[in-house]
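Trainee: Below is one structure. I have some questions about it.
The values are calculated or read from the model by the stated rules, or taken from the named source; none is laboratory data. This one's a predicted model, so the numbers in the text were calculated from it and none came from an experiment. No Cβ is skipped: glycine too gets one built from the backbone with ideal geometry, and neighbour counts run over all protein chains shown. Ligands, DNA and RNA are excluded from the accessible area calculation, which covers all protein heavy atoms including side chains. Shrake-Rupley method; radii C 1.70, N 1.55, O 1.52, S 1.80 Å.
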Amino acid sequence: MRKLFGGLALAALGVSLAGAAAAQETKLALGLSGWTGFAPLTLAKEAGIFKKHGLDVTLKKIPQASRHLAIQSGDVQCAATTVETWVVWNANGVPTKQIFQLDKSYGADGMAVRANVNSIKDLKGKTVAASAPGTAPYFTLAWFLKKNGLSVKDVTVVNLEPGPAAQAFIAGQNDAAMTYEPYLSSVRNAPQAGKIIATTLDYPMIMDTVGCTPKFLDDNPKAAKALADSYFDALEMINKEQAKAYEIMGADVKQTGEAFGASAKFLRWQDREANKKFFAGEIEQFSNEAADLLLEVGIIKQKPDIKTIIDTRFIQ
């Protein structure tokens, strides 16, 4: 009986300690999409990396066009999105700070066009599918057009999210489409629909970061550090157990590990050292150029102080 009661006591103690550990986990919700570059965050959740760092993270799939509304309402405290999007959000009254870089696109974002379109300049007067103003695909469209002497006023923009934009293009709708991986690969695999005329290999301007509200960062600095550390640990897992990691990340977007790996070839995840280099100056330089274009196309009415939308404490 003594052994039985002793065992029950130890079991009860174990349950109590487990409950205490769970109680100590900081809860946070993070808004993101199925973009390949965000996948290490999914890996960190599914592989227990967040939990190991004392975090209880809920990842919420929210279209980029409404992700800032989720932050504003308190539905999420953090988000993953492109660098210029943080400029837009802050300029439009949604205070947030970027805390670490996720990835840089190396051909993972692009423009698909019909076979008879021989240059971006040929798109004048044509129809292009892209997400709403304030999103990365719309900004990418504006950037590509500007670099070729055009503006968004020179085309008709049909607002479609990246997945539907690619599907519509393959189905024969619209003259062009702005999309990204894994959807861009579906266009690569449908040459009868047209061709990819430009990507971020031609115009390197898509890079993603994670950011949070100033209140969350001030109230939970240890959790913010744990969030960044979890991401860097996920990258280590990818390096050490690539096949397993690709299977986990691919499953989230209904891809095989092999197909996910093919998509991932078009971007570079950024480790801690790359983050330190990026936040040392590159992010400000790009953000200022992006803000000028955002002003030009009317996405923002005033340019925020770029230094105030960056917090480098958590990548050290």
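Trainee: Rolling a 1.4 angstrom probe over the protein chains, ignoring ligands and nucleic acids, what is the accessible area of T308 in square angstrom, nearest 10?
Mentor: The accessible area of T308 comes to roughly 70 Å².
Trainee: Whose amide H sits under 5 Å from the amide H of I310, counting only residues 5 or more places off or on another chain, with H placed in the peptide plane?
Mentor: Here Q98 satisfy the definition.
Trainee: Give the shape of region 142-290 as rounded, prolate or oblate, defined through the alpha-carbon gyration tensor: a ≥ b ≥ c are the square roots of its eigenvalues, a/c under 1.5 means rounded, and otherwise the shape is prolate if a/b is larger than b/c and oblate if not.
Mentor: oblate
Trainee: Right, another one. Through the Karplus equation 6.51 cos²θ - 1.76 cosθ + 1.60, θ set to phi - 60°, convert the phi angles of region 31-48 into ³J(HN,Hα) values in whole Hz; use x for Gly and Pro.
Mentor: Running phi through 6.51 cos²θ - 1.76 cosθ + 1.60 with θ = phi - 60° gives x, 7, 10, x, 3, 3, x, 7, 4, x, 5, 5, 4, 4, 6, 5, 8, x Hz.
Trainee: Here is a follow-up. Mind listing the long-range amide H neighbours of T200? Cut-off is under 5 Å, sequence gap 5 or more, other chains count too, H placed in the peptide plane at 1.01 Å from N.
Mentor: For T200, the qualifying residues are G107, A108, D109.
Trainee: Quick one: which residues, 5+ away or cross-chain, put their amide H under 5 Å from the amide H of G134? H built at 1.01 Å from N.
Mentor: F139
Trainee: Taking θ as phi - 60°, what are the ³J(HN,Hα) couplings along region 119-132 by the Karplus curve (6.51, -1.76, 1.60), each to the nearest whole Hz, with x for Gly and Pro?
Mentor: Couplings: 7, 4, 4, 5, 7, 4, x, 9, 9, 10, 7, 7, 4, 5 Hz.
Trainee: Could you provide, to the nearest whole Å², the per residue accessible area of the chain with probe 1.4 Å?
Mentor: 45 Å²
Trainee: Can you list, bin by bin at 10 Å, the percent of alpha carbon pairs in the chain, starting at 0?
Mentor: Reading the bins upward from 0: 6, 26, 32, 21, 8, 3, 2, 1, 0.
Trainee: If I take every Cα pair under 8 Å that is 6 or more residues apart in region 229-316, average their sequence separation and divide by the length, what percent do I get for the relative contact order?
Mentor: Rounded, it is 22 percent for region 229-316.
Trainee: Separate question: With each pseudo-label sitting 7 Å past Cα toward Cβ, what's the R313-K126 distance in nm, one decimal?
Mentor: That separation, rounded to one decimal, is 4.9 nm.
Trainee: Right, here's the next one. Between region 47-102 and region 269-316, what is the separation of their alpha carbon centroids in Å?
Mentor: Here the two parts' Cα centres lie 15 Å apart.
Trainee: Shape of region 19-83 from its Cα gyration tensor (a ≥ b ≥ c, root eigenvalues): rounded if a/c is under 1.5, otherwise prolate when a/b > b/c, or oblate?
Mentor: oblate
Trainee: Related question: When the accessible area of the chain is computed with all protein chains present and a 1.4 Å probe, what percentage of it is carbon and sulfur?
Mentor: Carbon and sulfur: 53 percent of the exposed surface of the chain.
Trainee: Taking the chain as the reference, fit the longest principal axis to its C-alpha atoms, fit the long axis of helix 283-296 to the helix C-alpha atoms, and give the angle between the two in degrees, 0 to 90, nearest 10.
Mentor: For 283-296 against the chain, the angle is about 50 degrees.
Trainee: With a 1.4 Å probe and all protein chains kept in place, how do D271, D208 rank by accessible area, largest first?
Mentor: D271, D208
Trainee: With all protein chains present, calculate the accessible area of R313 using a 1.4 Å probe and round the result to the nearest 10 Å².
Mentor: 120 Å²
Trainee: Whole-Hz Karplus ³J(HN,Hα) for region 81-91, in order, using 6.51 cos²θ - 1.76 cosθ + 1.60 and θ = phi - 60°, x for Gly and Pro?
Mentor: Values per residue, Gly and Pro as x: 6, 6, 4, 5, 5, 5, 4, 4, 4, 5, 5 Hz.
Trainee: How much accessible area does D109 have with a 1.4 Å probe, in Å² rounded to the nearest 10?
Mentor: Its heavy atoms expose roughly 10 Å² to the probe.
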